[in-house]
Amino acid sequence: MEHVSRYGVVKIGPAFGKGFRIDGMVEKPRREDAPSNLIISGRYILQPQIFDKIARQDPGAGGEIQLTDAMMRLMAEDRFFGLKFEGRTYDCGDKIGFLAANVAYALEREDIGPAFRDTLKEILKVKGGL
């Protein structure tokens, strides 16, 4: 919850297993205004009508066109559902989070992970990090 103001947050409707209906969304809410602690982590399957909504969307939080705002407008016409994700997420809107996601991805790959790990160790030795 301490970082909830960095993300889109969903309001949870009826649940079924790990899934649930989404009854609302708020883009970058203050902690006290967040409808839940479930963030929108950037994986969507959206109806094609979303493109018309985006094209007509006014700037929102941060003075930017927010996909969440367009999704809320589409929600007035169709239902939305979510799935609770269990695992690690990275804030790719943040420079450090973006770099961390790429490093984690590279380290997990069987084809390049071992060599990349060795390269990182060498870089850290040279830079005094190990």
Using all alpha carbons of region 90-130, what is the percent of pairwise distances in each 5 Å bin, ordered from the shortest bin to the longest? 6, 25, 19, 23, 20, 6
Cα atoms only, region 13-89: Rg and Dmax in Å? 13.0, 37
Answer with one residue from PHE81, LEU46, THR119: the one whose Cα lies farthest towards the positive end of the charge dipole of region 8-130, charges on Cβ with Lys, Arg +1 and Asp, Glu -1. THR119
Over the chain, calculate the relative contact order: mean separation of alpha carbon pairs under 8 Å at least 6 apart, over the residue count, as a percent. 19 percent
Around MET25, which amide H atoms from residues at least 5 apart in sequence, or from another chain, sit under 5 Å from its own amide H, with H modelled in the peptide plane? LYS11
What does the highest-first list of 68-78, 43-53 look like by mean Cβ count within 10 Å? 68-78, 43-53
Calculating semi-axes √(5λ) of the Cα gyration tensor in Å from this structure picks out, from (i) 23, 18, 16; (ii) 33, 16, 11; (iii) 35, 17, 16, entry (iii)
Straight-line reach from LYS125: which lysines have a Cα under 24 Å away, not including same-chain ones fewer than 8 places off? LYS95
Need the list of lysines near LYS11 for cross-linking: C-alpha distance under 18 angstrom, and skip anything on the same chain fewer than eight residues off. LYS28, LYS84
FRET efficiency for GLU108 and PHE16 from the Cβ-Cβ distance with R0 = 35 Å, rounded to 0.05, comes out at 0.70
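Each reported figure results from applying straightforward, stated rules to the coordinates on display, with no laboratory input. From a predicted model like this one, the values you see are computed outputs, not experimental measurements. Quick reminder, even Gly has a Cβ in these numbers, built from the backbone with ideal geometry, and neighbours come from all protein chains shown.
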